[in-house]
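Undergrad: Please see the structure below; I have some questions.
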């Protein structure tokens with residue numbers, strides 16, 4: 001006779017929050033691997049994308065938009081500037097501020113990131129029909145909005161530490 005109690009083994013988590021976290025971590029790792037060949041990290045790619053959409057913003061504005069402390073943003077931007085991907089220009093309205101812009105080299109690299117992102121999206125969501133893909137984006141967008149997340153900005157910037 002067994003002395004072990006009749007207890008069901010624990011079941012793996014199956015809730016929506018767990019699945020979103022599981023898939024998010026997996027998707028981020030896959031995307032990171034995909035753009036590593038471009039010598040970029042996902043946070044660097046995100047900043048290039050943000051600059052393409054809103055060129056000429058100050059370092060402070062960009063740090064705030066990313067939820068990143070300015071003390072972390074400056075060395076982060078320095079690395080991209082050293083690689084010739086972004087440049088700092090004096091802000092014509094306030095000479096104390098620097099406006100950040102993509103260089104031609106940054107624009108070219110961002111186009112490659114866009115291609116990598118499109119391939120990543122297609123591969124990641126291949127189990128869905130086009131209608132299901134649109135529905136998933138809509139549903140996840142509603143949840144992100146309800147949670148107060150900034151569209152297009154990964155919350156990981158808040159804790160990101162440049163090398």
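We did not get these values from a lab; they are worked out from the coordinates using the rules stated. Just so you know, these numbers come straight off a predicted model, no measurement behind them. Here the Cβ positions follow ideal geometry from the backbone for every residue, glycine too, while neighbour counts run over all protein chains shown.
Undergrad: Compute the acute angle (0 to 90°) between the alpha-carbon long axis of helix 130-146 and the principal axis of greatest extent of the alpha-carbon atoms of the chain; round to the nearest 10°.
TA: Approximately 80 degrees, to the nearest 10.
Undergrad: Further question: In nm, to one decimal, how far is the modelled label at residue 118 from the one at residue 149, with both set 7 Å along Cα→Cβ?
TA: Those two pseudo-labels are separated by 2.4 nm.
Undergrad: Take the eigenvalues of the Cα gyration tensor for segment 26-89, scale each by 5, and report the square roots as semi-axes in whole Å, largest first.
TA: Semi-axes (√(5λ), whole Å): 21, 13, 11.
Undergrad: Any idea what angle helix 70-82 forms with the longest principal axis of the chain, computed on alpha-carbon atoms, 0 to 90 degrees, nearest 10?
TA: For 70-82 against the chain, the angle is about 70 degrees.
Undergrad: On to the next question. Taking Cα atoms, how many degrees apart are the long axis of helix 104-124 and the longest axis of the chain, rounded to 10 and kept between 0 and 90?
TA: Helix 104-124 sits roughly 10 degrees off the main axis of the chain.
Undergrad: Can you compute log10 of I(q)/I(0) for segment 40-150 with the Debye formula, treating each Cα as one identical point scatterer, at q = 0.13, 0.15, 0.19, 0.21 Å⁻¹?
TA: Values returned for q = 0.13, 0.15, 0.19, 0.21 Å⁻¹ are -0.61, -0.77, -1.03, -1.14.
Undergrad: How large is the helix-only mean residue ellipticity at 222 nm for the chain, computed as the sum of -39500 (n - 2.57) over DSSP H runs with n ≥ 4, divided by its residue count, in deg cm²/dmol to the nearest 500? Before the final figure, lay out the partial values.
TA: Numbers: 6 runs with 92 residues, N = 163.
Dividing the helical sum by the residues of the chain leaves -18500 deg cm²/dmol.
Undergrad: Using a 10 Å cut-off on Cβ atoms, rank the peptides 142-154, 11-23, 107-119 from the highest mean neighbour count down.
TA: Output ranking for 142-154, 11-23, 107-119: 107-119, 142-154, 11-23.
Undergrad: Return the distance in nm (one decimal) between the two label points of a simple spin-label model at residue 38 and residue 52, each offset 7 Å from Cα along Cα→Cβ.
TA: For residue 38 paired with residue 52, the spin-label model returns 0.7 nm.
Undergrad: Just to confirm my numbers, what's the Cα centroid distance between segment 43-73 and segment 105-159 in Å?
TA: 18 Å
Undergrad: Could I ask something else about it? Want the number for residue 27 to residue 136: 0.36 nm per residue separation, take away the alpha-carbon distance, what's left?
TA: 37.8 nm
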